[in-house]
């Protein structure tokens, strides 16, 4: 047995590429088929699950896979669009969606902050912080309506940014502190229309309203805090054409002062809801002082009689609308 094994070792030690093992099949020895080295190596790359792995082939195969892996490139179709077209697309979106688009990338944030997209903003019946409202106004909003909203203060923040482009402001029935409202009006200088319905005012607020010399429409219905000092600022607005002070909480002296010193060029006036505070002599002096009235509302004034009505019809040739509902003494 040892002699046969020694013969096999001598045959395998030769440098010949082939070995003649005939006659040794009974010992369990067979000739392995010669494989092409390049083909076998390539097969190892193509079949990574092969169990025959020389040392180091696992690392080489992973590098091979990494180099030949197809990389997926995401092409953003919006990158090739001009900015004018992007603005046109963003104008179709509502404001909540537009705010979400600002978080996509820096380029979209710059485009979504364009003031042409924030030309008009209507956000009624919302609860927002004062800082949020300040950030909105910094986008050069021209038409802003926040009626019936709740503005709460965070960390004593006040309005500090000037708003020279704001022209239309509606703060009707907004739950807001007088100091905050005063800071908001302090930043406005070119208002054309202003509505402060059901808000509390003070003398400083009226003085800030006076700074808007281009103001044409002013709504002060159901307001509180108006006095003679504040009314002096209101009647100094020479370009004012429409004034609404219906149901405003004022004393008798304040009401008489307002009517007797009304702006002569006023065209639309609403003085309804004063019950017994306005008498006939107030309306007679009003009609003689303001000959350009087109609309006049004197509803819910119980002390008015037919004498003042005759004076109105005689001295107001341009009057087109006269409302006197619930004037039971006429």
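The values are calculated or read from the model by the stated rules, or taken from the named source; none is laboratory data. This is a predicted model, so every value here is computed, not measured. Glycine also receives a Cβ, built like all others from the backbone with ideal geometry; neighbour counts cover every protein chain displayed.
Residues in region 88-119 that are exposed (fewer than 15 other Cβ atoms within 10 Å of the Cβ) and touching a residue at least 24 places away in the same chain (Cβ under 8 Å): 6 in all. Kindly evaluate residue 286 against the criterion of being assigned by TED's automatic domain parsing to the domain that holds residue 214, crowded, with 17+ Cβ neighbours inside 10 Å and over 26 Å from residue 211 (Cα atoms). For residue 286, the condition - assigned by TED's automatic domain parsing to the domain that holds residue 214, crowded, with 17+ Cβ neighbours inside 10 Å and over 26 Å from residue 211 (Cα atoms) - is not met. Only residues that are farther than 22 Å from residue 288 by Cα and crowded, with 17+ Cβ neighbours inside 10 Å were counted across region 234-262, and they come to 3. Only a single criterion out of (1) farther than 14 Å from residue 264 by Cα; (2) touching a strand residue (DSSP E or B) at 6+ places or on another chain (Cβ under 8 Å) is not satisfied by residue 294, namely (1). Identify, please: which residue in region 160-189 is within 17 Å of the chain's Cα centre (by Cα) and in a loop (DSSP other than H, G, I, E, B) and is, among those, surrounded by the fewest Cβ atoms within 10 Å (Cβ to Cβ)? Going through the qualifying residues, I end up with 161.
Just the residues that are under 15 Å from the mean Cα position of the chain (by Cα), farther than 18 Å from residue 145 by Cα and in a loop (DSSP other than H, G, I, E, B), please, taken from region 81-122. Scanning region 81-122 gives 91, 92, 93, 102, 103, 113, 114. Would region 124-138 turn up any residue that is part of a loop (DSSP other than H, G, I, E, B) and either in contact with a helix residue (DSSP H, G or I) (Cβ under 8 Å, 6 or more places away or on another chain) or at pLDDT below 60 (or both)? The answer is no; no qualifying residue exists.
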